[in-house]
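Report on the following structure.
The values are calculated or read from the model by the stated rules, or taken from the named source; none is laboratory data. Keep in mind that what you see is a predicted model, and the values were worked out from it rather than measured. Positions of Cβ are generated from backbone atoms using ideal geometry, with glycine treated the same way; all protein chains shown enter the neighbour counts. The protein model used for the area step is the full one, side chains on, heavy atoms only, and it has no ligands, DNA or RNA in it. Shrake-Rupley method; radii C 1.70, N 1.55, O 1.52, S 1.80 Å.
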Amino acid sequence: MSEKWLQARVTENRHWTEALFSLRVEGPRLAFEAGQFVRIALDIAGERVARPFSFVNPPADPTLEFYGIVVPEGPLSPRLARLGAGDVLYVAPNPAGFLVLSELPEAETLWLVSTGTGIAPFLSILRTDAPWKRYRNVVLVHAVRHARELVYRDMIAGWKNLKYVSFVSRETAPGSLAGRIPAAIGDGRLEAAAGLRLAPESSQVMLCGNPDMLKDTSAALVSRGMRKHRRRSPGHITVESFW
């Protein structure tokens, strides 16, 4: 039995850089939790080719939004980046993923730590009431190679209670930390930039990004006494990776 896909139409394709784009899509309503992802697809050479994308929009917004990067040799992303208003794509009916606040224990501070397009699920989460009601402090960390890749800045600036810390690794960027997130945890620069302690007794940390960041940041957090969060064994670190 073939999978039932939902047909949707592009309303806007915003290009942040030559490689980074955001698709806004209208179609049937999907039930999901902020922080989850879904597969989106195009028909290419007679085959439906799909990849997972996190929602940028909150569940209450009927217009779906996805943030992606062009993988030049990939079959799907270059074609998604070329879509225009009115073009058709397909959305799977079954959002999934555990990078959601309903899975997290209580804490004083919520740290949302991302690299590249890994910021997407955190934007969805921040556009709901839940983080602001549950946590005294909310920190968004976004690490990129070049300053022009620090996207959604207008949206982020609108959250007056948010602590926002950016990293730029390949050039000097005023207002951003240099280097990588794990090193800045180790030497205290991340805490200094946020003005908050990153400690097991007060923190829940959600990670989304490239595999090296996930591995090295998890190790840096474990060295501070944190452990991976599981339903049967509550901890402090929740990780999402669909690379």
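General observations
- Only one of the numbered conditions (1) of a type in the set (D, E, K, R); (2) assigned to a helix (DSSP H, G or I); (3) closer than 30 Å to Gln204 by Cβ is violated by Arg79, and that is (3).
- For Phe66, the conditions (1) in contact with a helix residue (DSSP H, G or I) (Cβ under 9 Å, 6 or more places away or on another chain); (2) free of Cβ contacts under 8 Å to residues at least 60 places away in the same chain; (3) exposed (fewer than 15 other Cβ atoms within 10 Å of the Cβ) are fulfilled apart from (3).
- The set of residues from the stretch 44-62 being surrounded by 13 or more Cβ atoms within 10 Å (Cβ to Cβ) and not aliphatic (A, V, I, L, M) comprises Arg48, Arg51, Pro52, Phe53, Ser54, Phe55, Asn57, Pro58, Pro59, Asp61.
- Residues (closer than 17 Å to Ser77 by Cβ and charged (D, E, K, R)) located in the stretch 13-59: Arg14, Glu18, Arg24, Arg39, Asp43, Glu47, Arg48, Arg51
- Residues located in the stretch 173-229, provided they are assigned to a loop (DSSP other than H, G, I, E, B), open to solvent by less than 60 Å² (accessible area, probe 1.4 Å) and either in contact (Cβ under 8 Å) with a residue 40 or more places away in the chain or hydroxyl-bearing (Ser, Thr, Tyr) (or both): Ser176, Leu196, Leu198, Ser202, Gly209, Asn210, His229
- Cβ-Cβ under 6 Å pairs, at least 6 apart or on other chains, the stretch 5-18 side without any contact (Cβ under 8 Å) to a residue 12 or more places away in the chain, far side of a type in the set (S, T, N, Q) and buried (at least 17 other Cβ atoms within 10 Å of the Cβ): Arg14/Ser22
- Meets criteria (out of contact with any Leu (no Cβ under 6 Å at 6 or more places or on another chain), of a type outside the set (D, E, K, R) and in a helix (DSSP H, G or I)) for Thr128: no
- Residue in the stretch 125-134 that is in contact with a strand residue (DSSP E or B) (Cβ under 6 Å, 6 or more places away or on another chain) and hydrophobic (A, V, I, L, M, F, W, C) present: no
- For Val165: the one exception among (1) modelled with pLDDT of 95 or more; (2) closer than 20 Å to Gly116 by Cβ; (3) open to solvent by 10 Å² or more (accessible area, probe 1.4 Å): (3)
- Unmet criterion (only one of (1) open to solvent by 20 Å² or more (accessible area, probe 1.4 Å); (2) at pLDDT 95 or above) for Pro28: (2)
- Check on Pro93, part of a loop (DSSP other than H, G, I, E, B) and either touching a His at 6+ places or on another chain (Cβ under 8 Å) or crowded, with 16+ Cβ neighbours inside 10 Å (or both): no
- Within the stretch 69-90, being exposed (fewer than 13 other Cβ atoms within 10 Å of the Cβ), of a type in the set (D, E, K, R) and in contact with a Lys or Arg (Cβ under 9 Å, 6 or more places away or on another chain) holds for no residue.
- Matching residues, the stretch 111-136, being farther than 16 Å from Val239 by Cα and either of a type in the set (Lys, Arg) or open to solvent by 30 Å² or more (accessible area, probe 1.4 Å) (or both): Arg127, Thr128, Asp129, Ala130, Trp132, Lys133, Arg134, Arg136
The rows are residues; the columns are (1) under 12 Å from Met206 (Cβ atoms); (2) not in a helix (DSSP H, G or I).
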position: Ala85; (1), (2): no, yes
position: Glu106; (1), (2): no, yes
position: Ser114; (1), (2): yes, yes
position: Ala120; (1), (2): no, no
position: Arg148; (1), (2): no, no
